[in-house]
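Colleague: Structure below; questions to follow.
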Amino acid sequence: MFKQANWNERLIFSLGRKGRRGHVSPKVEEKIKRIVGDVNLLIPENMQRKSQPKLPELSEVEVVRHFTRLSQMNYGVDSGLYPLGSCTMKYNPKINELLANLPAINMVHPYQDEGTVQGILGILYKLERWLAEITGTHEVCLQPAAGAHGEFLGTSLMRAYHKLNGEIEKRREIIVPDSAHGTNPASAAMAGFNVVVVPSDEDGCVSIEALKAAVSECTAGLMLTNPNTLGIFEKNIEEIARIVHEAGGLLYYDGANLNAILGKARPGDMGFDVAHMNIHKTFGTPHGGGGPGAGPVGVSEELAKFLPVPRIVFDGERYHLDYDRPHSIGKMRSFYGNVAVLLKAYAYILSLGFEGLKEVAEVSVLNANYLAKKLKEINGLTLPYGSEKPRKHECVLSARHLKSETGISALNIAKRLLDYGLHAPTIYFPLIVDEALMIEPTETFEKEELDRFAEAMRKICEEAYTNPEAVLKAPHNTAVSRLNEVKASHPRNMALSWRMYRKKK
Amino acid sequence: MKKLKVSADLVLILTVNLLIKRSHPYIPNSLPEIKKEMMQEIGTESIDELYADIPKKYHLRKPLNLPEALSEFEVKKQVEGLLSKNKTCSDMPVFLGAGCWPHYVPAVVKEIVQRSELLTSYTPYQPEISQGMLQALFEYQSMICELTGMEVANCSLYDWASALGEASRMAARLTRRNEILVPKIVHPERLATLQVYAEPAGIIIKQVAYNKETGQISLDDFRNKISDKTAAVYIENPSYLGFVETQVDEISREAHAHGALFIVGIDPTSLGILKPPGDYDADIVVGEAQPLGNAMNFGGPLLGIFACRDDLKVIRQMPGRIIGMTTTLDGNRQGFCMALQTREQHIRREKATSNVCTNEALCAVASAVYMALLGPEGLRELGETIMRKANYAIHLLSKIDGVEAPVFKSTHFKEFTVNFDGTGLSVKDLHKKLLERGIHGGKDLSNEFPELGKTALYCVTEIHSEEEIERLATVLEEILVRR
């Protein structure tokens, strides 16, 4: 059975010896030393650092060993199935890493003369065009660093649009379904909007009646994920778009689930005015334990003038950075975006082409439906909201029955899955499913690994009836057993840095 | 015999091509027979049936205008070919900084962040199987605290600019006030980002004038502008134009006397030798940790620093992921997990302190490795090396006729202003001539700070050699003499 490395690796601060060093910076030439002299004579007395920072002192060897051991106590897509729903944890092609680590990109400064960066500008320009084509939008901006950052750009564009129309004082509300990702309401609030929640109907889709009741002259827009977080396509999308647009609002596409419809259908064609993409989900770039990702935003022609500066333009011969956009909202961050990540997306699209991207979508949907079929047959699990209806790229099962019959919750199942060397699904989301297990296998896992997952789920649910203790006390095979997460946030114990920990001790 | 071999190769190639067509290397289940097995299990005839719920009118009818799929070799060739049109910092000395800086990234850093268990993991929602990432991020947070003199740091925001945006909103929430004072000398991109973050929250940005001689914040103007409406006072150290702001104690005192928070933006490479903001009572520290072990990559990803004091009221308003120390439920073993998630969007939704989820975690790991490699002595040496080399460049450039470096009479760390008013050439023209001679000049400030005349911002770090710095001075002189 799976057994994760358990190094019991101490904090880096308690390793090493005073005086050891892991790296030597380039030396200062003697002539410079002689001419410039002692830096402490240059720095005014009140601005000198008086005591050294308490950083660890380690040799290069110890640093490598410490972090290698840490890496062995971590689980990635390369370790096995990582079926976190709405996170699209797919395989990250190695060639893309190789390309993104070339000096020809690593060593390029963002303010270099345009003539010296034509290569990367061309790549970014083409990537914008491809992403616009894939989403059916008019223009794409690569600046946002992550999906939520793209959402904030999207809601800021909605703000700019209504402001220019002189309606921002009135249009204070953004509507989100009750199944929406938490980032949607949070991004709406960041751009200064109030959030109105509309319930889902018995099919798991936006309730049309509720939406009609929710829109008014106060509506700035609707944020929608399609397929939604249940993995169900919002089949009434045409009517939804009509209702929102007739009320004078804009339609925002949360691209977290774009993987399901790549090359099959496009948000722009469905009437969405703004759409973000998660490069680190749909376009196969690694998530890095929480970033860096990239969250480009595509917009309709009408909204293009509000996009952040600079825009990359092509005059037929050369690429330029254009800052002259009077209606631009400004900037979401410094420079142009997470370029190293975007470069990987460029290579990813090249590796797949149109047919390949369509295949990505189709197999991701096939895999999800295959797992849904196998899992809903397990005693204790159900597939709420139309058990027989096809899902798209993900499915949400409920462990409600299992919990009421055995006391074993979705959380317990998740922890027990880790013992099998499988990552757990997203749990307790979407909020409209009790004891939710949200499963997204993606297209990059083979049938054998999906079968292994289904089999592990079956065994765990069986164990819930026969030997619940084993599940309740899981995980057993990970680097550490179940952690006290409440303690980490309790004011008495809270240690958010080594410094705070020392103080508490 | 030879002929036979050729045809065997041909068959092999054809077979491989066919296989790729049928089964993409990234998509194991794209093999038709597996698809069939799986469809049988589901009870569906075709994959199209699984898409039947998408209204017909939205089904794509024709192929998208995308490139033809390429093999790995072809992808590599094409991308390398395009990238070879770039000129890099190893092709020519580049004297650019201004928010993204050329520094050396040790081989160890690259090696660790390519470890696939770290690289291909998600945000550590299941801490028991993610201890490696969690501990590395906790160590990053801890080292940032040591360096800045603060007590709590989050595990990263997107960059310095967005961290400043978040800080302004946090200050407004904490003080229930709506003005932020920002120096007139600030990076325009940071200011533009701050505006996007601040405006919807009703925060008004007021800029404080600077002393024309020294560049330092004008305390008179500062005292005129600070009031009981001020949520926060923001300064940068070193400033955008490279000099050290020395009035930090006075500014901090005044800000606090008015009940405002004191936000300080930093370049962490300076903190081996410069007084850390914790020592002048900063409430929030923001900054850019790209120089700590992350490549420039044409400006992204970057790594936003966000740190504050150990005050529960303040901590509860922090944006972003924070990793905390805890124990196993049985209390036997120390471990790490995400802390204070009730601040975050997936729980608090529209009432969250920020919408941030994906941040720059792997860049934070890179910085943790970098800081661990250098240690306290290495960081001090790095700071000294940078400062000496930058000041050597100042020394040489200021001797050139018609050139003034720096514009401000203050201490400069790694960046400095160079004024060309006395040369009769515009910065643009001069830089063009420099580039023709294989040197990339600094950032042209002529449009950003017209009051400074024909001025550029130059940056020198540990990677610039004596020879390169001297070449810059010599070539500049040559260009000017030749006129």
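Colleague: Within region A:79-86, does at least one residue satisfy the condition of being in a loop (DSSP other than H, G, I, E, B), facing chain B (nearest Cβ under 7 Å) and under 21 Å from A:Ala294 (Cβ atoms)?
Modeller: Checked against the condition, which is being in a loop (DSSP other than H, G, I, E, B), facing chain B (nearest Cβ under 7 Å) and under 21 Å from A:Ala294 (Cβ atoms), region A:79-86 yields at least one hit.
Colleague: Conditions first: (1) in contact (Cβ under 8 Å) with a residue 24 or more places away in the chain; (2) crowded, with 18+ Cβ neighbours inside 10 Å; (3) at the interface with chain B (Cβ under 7 Å from one of its Cβ atoms). A:Pro53 passes all but one, so which condition is the exception?
Modeller: Here A:Pro53 clears every test but (1).
Colleague: Can you name every residue in region B:97-122 that is hydrophobic (A, V, I, L, M, F, W, C) and at the interface with chain A (Cβ under 7 Å from one of its Cβ atoms)?
Modeller: Those that are hydrophobic (A, V, I, L, M, F, W, C) and at the interface with chain A (Cβ under 7 Å from one of its Cβ atoms): B:Ala98, B:Cys100, B:Val108, B:Ile112, B:Leu118, B:Leu119.
Each row is one residue, and each column tells you yes or no for (1) touching a residue at least 40 places away in the same chain (Cβ under 8 Å); (2) closer than 30 Å to A:Leu58 by Cα.
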{"site": "B:Ile386", "(1), (2)": "yes, yes"}
{"site": "B:Ala390", "(1), (2)": "yes, yes"}
{"site": "B:Ile394", "(1), (2)": "no, no"}
{"site": "B:Val403", "(1), (2)": "yes, no"}
{"site": "B:Arg437", "(1), (2)": "yes, no"}
{"site": "B:Glu451", "(1), (2)": "no, no"}
{"site": "B:Leu457", "(1), (2)": "yes, no"}
{"site": "B:Ile463", "(1), (2)": "yes, yes"}
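Colleague: Among B:Ile251, B:Ile217, B:Ile266, which is within 30 Å of A:Ala340 (Cβ to Cβ) and buried (at least 22 other Cβ atoms within 10 Å of the Cβ)?
Modeller: Working: B:Ile251 fails: within 30 Å of A:Ala340 (Cβ to Cβ); B:Ile217 fails: within 30 Å of A:Ala340 (Cβ to Cβ).
From the options B:Ile251, B:Ile217, B:Ile266, the qualifying one is B:Ile266.
Colleague: Of everything in region A:469-505, what is small (Gly, Ala, Ser), surrounded by fewer than 21 Cβ atoms within 10 Å (Cβ to Cβ) and touching a residue at least 40 places away in the same chain (Cβ under 8 Å)? Give them in sequence order.
Modeller: Answer for region A:469-505, where residues must be small (Gly, Ala, Ser), surrounded by fewer than 21 Cβ atoms within 10 Å (Cβ to Cβ) and touching a residue at least 40 places away in the same chain (Cβ under 8 Å): just A:Ala470.
Colleague: Out of all the residues in region A:315-336, is one or more within 12 Å of chain B (Cβ to nearest Cβ), in contact (Cβ under 8 Å) with a residue 40 or more places away in the chain, closer than 16 Å to A:Thr135 by Cβ and out of contact with any Lys or Arg (no Cβ under 6 Å at 6 or more places or on another chain)?
Modeller: no
Colleague: Further question: If you go through region A:336-352 one residue at a time, do you hit one that is of a type in the set (A, V, I, L, M), closer than 30 Å to A:Lys389 by Cβ and surrounded by 24 or more Cβ atoms within 10 Å (Cβ to Cβ)? Walk me through how you get there before you give the answer.
Modeller: Within region A:336-352, the first condition is being of a type in the set (A, V, I, L, M), and the residues that meet it are A:339-343, A:345, A:347, A:349-350, A:352.
From what is left, the residues that are closer than 30 Å to A:Lys389 by Cβ are A:352.
Keeping just the survivors that are surrounded by 24 or more Cβ atoms within 10 Å (Cβ to Cβ) gives A:352.
There is at least one residue in region A:336-352 that is of a type in the set (A, V, I, L, M), closer than 30 Å to A:Lys389 by Cβ and surrounded by 24 or more Cβ atoms within 10 Å (Cβ to Cβ).
Colleague: Next up: Which of the residues belonging to region A:398-438 are facing another protein chain (nearest Cβ under 9 Å) and either touching a Cys at 6+ places or on another chain (Cβ under 9 Å) or of a type in the set (Phe, Trp, Tyr) (or both)?
Modeller: A:Thr426, A:Phe429
Colleague: With respect to B:Ser398, is the statement that it is more than 8 Å from chain A (Cβ to nearest Cβ), without any contact (Cβ under 8 Å) to a residue 40 or more places away in the chain and out of contact with any Cys (no Cβ under 6 Å at 6 or more places or on another chain) true?
Modeller: yes
Colleague: Any residue that is among the hydroxyl-bearing types (Ser, Thr, Tyr), more than 26 Å from the chain's Cα centre (by Cα) and within 30 Å of B:Met143 (Cβ to Cβ) - is there at least one of those in region B:393-407?
Modeller: Checked against the condition, which is being among the hydroxyl-bearing types (Ser, Thr, Tyr), more than 26 Å from the chain's Cα centre (by Cα) and within 30 Å of B:Met143 (Cβ to Cβ), region B:393-407 yields no hits at all.
Colleague: I've got another one for you. Which residue pairs have Cβ atoms under 9 Å apart, sit 6 or more places apart or on different chains, and have a first residue in region B:123-151 that is touching a residue at least 40 places away in the same chain (Cβ under 8 Å) and more than 7 Å from chain A (Cβ to nearest Cβ) and a second that is in a helix (DSSP H, G or I) and among the hydroxyl-bearing types (Ser, Thr, Tyr)?
Modeller: Here the result reads B:Tyr140/B:Ser367; B:Ile144/B:Ser367; B:Gly149/B:Tyr280, each pair linking region B:123-151 to a residue that is in a helix (DSSP H, G or I) and among the hydroxyl-bearing types (Ser, Thr, Tyr).
Colleague: For the subset of region A:219-242 comprising residues that are touching a residue at least 60 places away in the same chain (Cβ under 8 Å), part of a strand (DSSP E or B) and among the aliphatic types (A, V, I, L, M), which member is farthest from A:Phe152 (Cα to Cα)?
Modeller: It comes out as A:Ala220.
So that you can scan it fast, the table gives a plain yes or no per residue for (1) farther than 28 Å from B:Ser270 by Cβ; (2) within 20 Å of the chain's Cα centre (by Cα):
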| site | (1), (2) |
| --- | --- |
| B:Pro106 | no, yes |
| B:Lys110 | no, yes |
| B:Pro124 | yes, no |
| B:Glu128 | yes, no |
| B:Cys145 | no, yes |
| B:Thr148 | no, yes |
| B:Ala153 | no, yes |
| B:Leu164 | no, yes |
| B:Ala171 | no, no |
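Colleague: Looking at A:Ile237 and the list (1) closer than 23 Å to A:Glu139 by Cα; (2) modelled with pLDDT under 95, which single condition is not satisfied?
Modeller: Tallying (1) closer than 23 Å to A:Glu139 by Cα; (2) modelled with pLDDT under 95, A:Ile237 fails exactly one: (2).
Each row is one residue, and each column tells you yes or no for (1) more than 30 Å from B:Ile144 (Cβ to Cβ); (2) hydrophobic (A, V, I, L, M, F, W, C); (3) touching a helix residue (DSSP H, G or I) at 6+ places or on another chain (Cβ under 8 Å).
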| site | (1), (2), (3) |
| --- | --- |
| B:Val365 | no, yes, yes |
| B:Val369 | no, yes, yes |
| B:Asn391 | no, no, yes |
| B:Lys409 | yes, no, no |
| B:Phe416 | no, yes, yes |
| B:Phe420 | yes, yes, yes |
| B:Thr423 | yes, no, yes |
| B:Asp429 | yes, no, no |
| B:Lys443 | no, no, no |
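Colleague: If the requirement is being polar (S, T, N, Q), touching a Gly at 6+ places or on another chain (Cβ under 7 Å) and either more than 7 Å from chain A (Cβ to nearest Cβ) or closer than 22 Å to B:Asp159 by Cα (or both), which of these qualifies: B:Gln334, B:Gln341, B:Gln345? Please lay out each step first, then the result.
Modeller: Details: B:Gln334 fails: touching a Gly at 6+ places or on another chain (Cβ under 7 Å); B:Gln341 fails: touching a Gly at 6+ places or on another chain (Cβ under 7 Å).
Result: B:Gln345 is the single residue among B:Gln334, B:Gln341, B:Gln345 that is polar (S, T, N, Q), touching a Gly at 6+ places or on another chain (Cβ under 7 Å) and either more than 7 Å from chain A (Cβ to nearest Cβ) or closer than 22 Å to B:Asp159 by Cα (or both).
Colleague: Looking at this structure, is B:Ser30 facing chain A (nearest Cβ under 8 Å), out of contact with any strand residue (DSSP E or B) (no Cβ under 9 Å at 6 or more places or on another chain) and closer than 18 Å to A:Asn367 by Cβ?
Modeller: yes
Colleague: Identify the residue in region A:132-164 that is in contact with a Pro (Cβ under 6 Å, 6 or more places away or on another chain) and part of a helix (DSSP H, G or I) and, among all such residues, is farthest from B:Trp160 (Cα to Cα).
Modeller: Filtering region A:132-164 for residues that are in contact with a Pro (Cβ under 6 Å, 6 or more places away or on another chain) and part of a helix (DSSP H, G or I), the one farthest from B:Trp160 (Cα to Cα) comes out as A:Thr135.
Colleague: Further question: Any idea which of (1) in contact with a Gly (Cβ under 9 Å, 6 or more places away or on another chain); (2) buried (at least 17 other Cβ atoms within 10 Å of the Cβ); (3) within 28 Å of B:Asp279 (Cβ to Cβ) is the one A:Ile12 doesn't satisfy?
Modeller: (1)
Residue-wise test of (1) more than 7 Å from chain A (Cβ to nearest Cβ); (2) assigned to a strand (DSSP E or B).
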{"residue": "B:Gln290", "(1), (2)": "yes, no"}
{"residue": "B:Val314", "(1), (2)": "yes, no"}
{"residue": "B:Gly320", "(1), (2)": "yes, no"}
{"residue": "B:Ile323", "(1), (2)": "yes, yes"}
{"residue": "B:Thr353", "(1), (2)": "yes, no"}
{"residue": "B:Leu373", "(1), (2)": "no, no"}
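Colleague: If I ask for residues that are part of a helix (DSSP H, G or I) and basic (Lys, Arg), which ones from region B:380-399 would you list?
Modeller: Going through region B:380-399, the residues part of a helix (DSSP H, G or I) turn out to be B:380-397.
Within region B:380-399, B:Arg380, B:Arg388, B:Lys389 qualify.
Colleague: Now a separate question. In the same structural domain as B:Ile386 (by TED's automatic domain parsing), in a helix (DSSP H, G or I) and either in contact with a Leu (Cβ under 7 Å, 6 or more places away or on another chain) or closer than 21 Å to B:Met387 by Cβ (or both): is that true of B:Glu467 in this structure?
Modeller: On the way: in the same structural domain as B:Ile386 (by TED's automatic domain parsing): yes; in a helix (DSSP H, G or I): yes; either in contact with a Leu (Cβ under 7 Å, 6 or more places away or on another chain) or closer than 21 Å to B:Met387 by Cβ (or both): yes.
When the stated conditions are applied, B:Glu467 passes them.
Colleague: Is it the case, given these coordinates, that A:Val206 is of a type outside the set (Phe, Trp, Tyr) and surrounded by 23 or more Cβ atoms within 10 Å (Cβ to Cβ)?
Modeller: Details: of a type outside the set (Phe, Trp, Tyr): yes; surrounded by 23 or more Cβ atoms within 10 Å (Cβ to Cβ): yes.
Answer is yes for this residue.
Colleague: Could you please find all residues in region A:390-426 being within 19 Å of A:Met89 (Cα to Cα), out of contact with any strand residue (DSSP E or B) (no Cβ under 9 Å at 6 or more places or on another chain) and assigned to a helix (DSSP H, G or I)?
Modeller: In the first step, residues of region A:390-426 are kept if they are within 19 Å of A:Met89 (Cα to Cα); the result is A:391-397, A:414-415, A:417-418, A:420-426.
The next check asks that each one be out of contact with any strand residue (DSSP E or B) (no Cβ under 9 Å at 6 or more places or on another chain); those that pass are A:391-393, A:415, A:417-418, A:420-422.
Passing the criteria: A:Lys415, A:Leu417, A:Leu418.
The values are calculated or read from the model by the stated rules, or taken from the named source; none is laboratory data. Here the structure is a predicted model, which is why all the values come from computation and not from measurement. Neighbour counts run over all protein chains shown; Cβ positions are idealised from the backbone, glycine included.
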